[in-house]
1. Hey, for a label at residue 177 modelled as a point 7 Å past Cα toward Cβ, could you say which residues of segment 187-212 have their backbone N under 20 Å away?
2. Grab the Cα-Cα distance for residue 77 and residue 44, subtract it from 0.36 nm times how many residues apart they are, and report the gain in nm with one decimal.
3. Which percent, nearest 5, of DSSP beta bridges in the chain are antiparallel?
4. Which of 228, 236 has the fewest other C-beta atoms within 10 Å, and how do the rest follow up to the most?
5. Using 0.36 nm times the number of residues separating residue 117 and residue 259, minus their current alpha carbon distance, what extension gain do you get?
6. Which ordering of 139, 73 is given by a fewest-first count of other beta-carbon atoms within 10 Å?
7. Calculate, for residue 227 and residue 275, the FRET efficiency according to 1/(1 + (r/R0)^6) with r their C-beta to C-beta distance and R0 30 Å; round to the nearest 0.05.
8. What number, in nm² with one decimal, is the all-direction average of the projected area of the convex hull of the alpha-carbon atoms of the chain?
């Protein structure tokens, strides 16, 4: 580990990753093959830790700043958190998706290891949103003793749901073109370049193959209008721990309406998550 001069608490560690205290909100350019993260510490003594994993081509703060809001809410309860940008995603100025299932799990593992170096004995949980939820479940299945508690937002559970859209034919066309030709542009809320490297990494991936290995507490939060299929009825029976629940927020979409013109359910999602971690990370 080495200190980066002139950047206060910014430090370079795994994969050249850059982390910062939330007190310093400035951003810096991320080096190639680097992972950027924010280490959010409470003003009081740290009681527990939470790793926060973002969704598809999002960034560490989350849509509408919802993941940042979660980190701040956790800090108020004495829980430190680390939220990261996955390599090949995680940058608002770049929408060319080159991450893979494996690279996401590598980044998750290194983030976990870094947190454990800071606090070896504190209870640790993981939260994931959408594709980040899939990453959380796969990570928990591969490493059953890592997480004492897990909270999922709008969880994706298998590669099929990510390779084919039931509502967006333009995505399906772009995905086919990317697999055939290496990459293709998909017009979402902004143009995004899908790559064959990213798409093909999800073939055959399903959390049901590993979720049964996870022994900790489990909460899934999803909106009733989520475009992803609700798979909680399949997942919950697989779990070893009876401290498991699925919560549906009526009228909420995949991003809990945080970008809508009216009231959104982001605050309710944060409250549910903070309360769950506060109870289960002891």
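Every read-out reported here was derived from the displayed coordinates using simple, explicitly stated rules and does not represent laboratory data. The structure presented is a predicted model; accordingly, all values stated were derived computationally and were not measured. When we count neighbours, we look across all protein chains shown, and the Cβ atoms used for this are built from the backbone with ideal geometry, even at glycine.
1. 187-201
2. Answer, rounded to one decimal: 11.0 nm.
3. Approximately 30 percent, going by the DSSP bridge assignments.
4. In order of increasing Cβ crowding within 10 Å: 236, 228.
5. 47.4 nm
6. 73, 139
7. So the FRET efficiency works out to roughly 0.70.
8. For the chain, averaging the hull's shadow over all directions gives 14.1 nm².
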